[in-house]
Amino acid sequence: MNRKLIKATNFYLSFFFYVFYFMLAINVYAASGGAAFLKKGVGARALGMGGAYTSLSNDATAVYWNPAGLGQVKKYSISVMGTSGASNEWTGLQDVVSTHNFAAISIPISKFTNSLGGSVFALGLLNSSIGNIVKSKESDDGTDGIEIGKFSDTQNAIYLSWGMPIWESDNNLYAGLSLKYILESMDGIDGGKASGYDIDVGLVYNVFKTLNFGLLFNKGAKLTWEGGETDNAALTTKFGVSNKFTITDKFRITGAFDLIQSQKEPLSGNIGAEVSYLDIFTAGMFGLKGLHLRGGLNSYALEDRYGKKEDINKNVTYSIGFGIDLMLFESLLQLDYAMSMGNLFDQKNKISLNFFF
């Protein structure tokens, strides 16, 4: 390793740990709440596996799940996701229109220079909205129920993310950072506009190319409203482990598990599995590279601290999904679908696309 690369690596490591300690220092007494839409997840593969993706993120959705995963992306990549369904099944809320969409692009700096230690930068946008929400006021007898109109709530998060390999050999270590600028607007509500920020710091460690460990520290979003009030989300730590079990040359099973600890919340877990049939056929510059079936369980409380276990597990989300990997010339196109069940307010259908070129 040359001196320039050593200096660059030391700089990024120092910067990484400085940000980590900064996050811990400023959020020790954070309260819960603020930008709850950031918990809904992105990418149909990850969501089909119950969100157990802290150790698996290896495409542009890593800006959300674990920015350290960006260090594994050696090509340009684009990820997009759209959602549909659910609102027409909410009892009494059939007119409510909800959306949750995501897009990101990642750029490996090695395409231009070798001076940044294999860094990969990414830009992402997460948009979530609910429309046709009934606005009411208190009636003369002191009860709510006089409808005076409707309003919409639109939330956006802009991601600026970075990931890089600390070392790559038989075992690989990656580090990453995501900065988020958050905007929320409740149309037609006085003082209903807010802005704020959030920070993620992550690590991914790969052993023998099959076993992955992931660690993510999320500071928790801080939003400031027009009237000066603030909402602060809790500091959250995620630890993930996953392994790829090769059954035959073409048949593989991937299992993943995440532990999630947020302040003032019980320890919870996500669990997911993926069954894959790989390298099915190739015809010239085209090929079917993989078929995948997935399932998962999201946000299952593992303890009864704070007396919330029963309420949380009533809203646990179950998911299933599938994916198709296609080779187009020298590019890879991944098409994924996931369906969620259980949580009344979760979007039912997720469709996403990853393109590596």
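Using the Cβ of residue 46 as centre and a radius below 11 Å, the other residues enclosed give a net charge of -1, where K and R count +1 and D and E count -1.
In what order do 120, 201, 275 fall by count of nearby beta-carbon atoms within 10 Å, going from fewest to most? Display every interim value, and only then the final one.
Working: 120 30, 201 25, 275 15.
Ordered from fewest to most neighbouring Cβ atoms within 10 Å, 120, 201, 275 come out as 275, 201, 120.
Dipole magnitude for the range 174-313: about 760 debye, using +1 per Lys or Arg Cβ and -1 per Asp or Glu Cβ, origin at the Cα centre.
Any idea what % of Cα-Cα pairs in the range 230-357 are farther than 22 Å? Before the final figure, lay out each step's value.
Details: 4146 of 8128 pairs.
Across the range 230-357, Cα pairs with separations above 22 Å total 51 percent.
Once you list every other residue whose beta carbon is under 12 Å from the beta carbon of residue 293, what net charge do they have if Lys and Arg are +1 and Asp and Glu are -1?
+1
Take 324-334, 67-77, 175-185, 47-57 and order them by the average number of nearby Cβ atoms within 10 Å per residue, most first; the result is 47-57, 67-77, 175-185, 324-334.
Here, each number is a calculation from the coordinates, and none is a lab measurement. Keep in mind the model is a prediction, meaning the values are calculated, not measured. Using ideal geometry, Cβ is built from the backbone for each residue, glycine included, and neighbour counts are taken over all protein chains shown.
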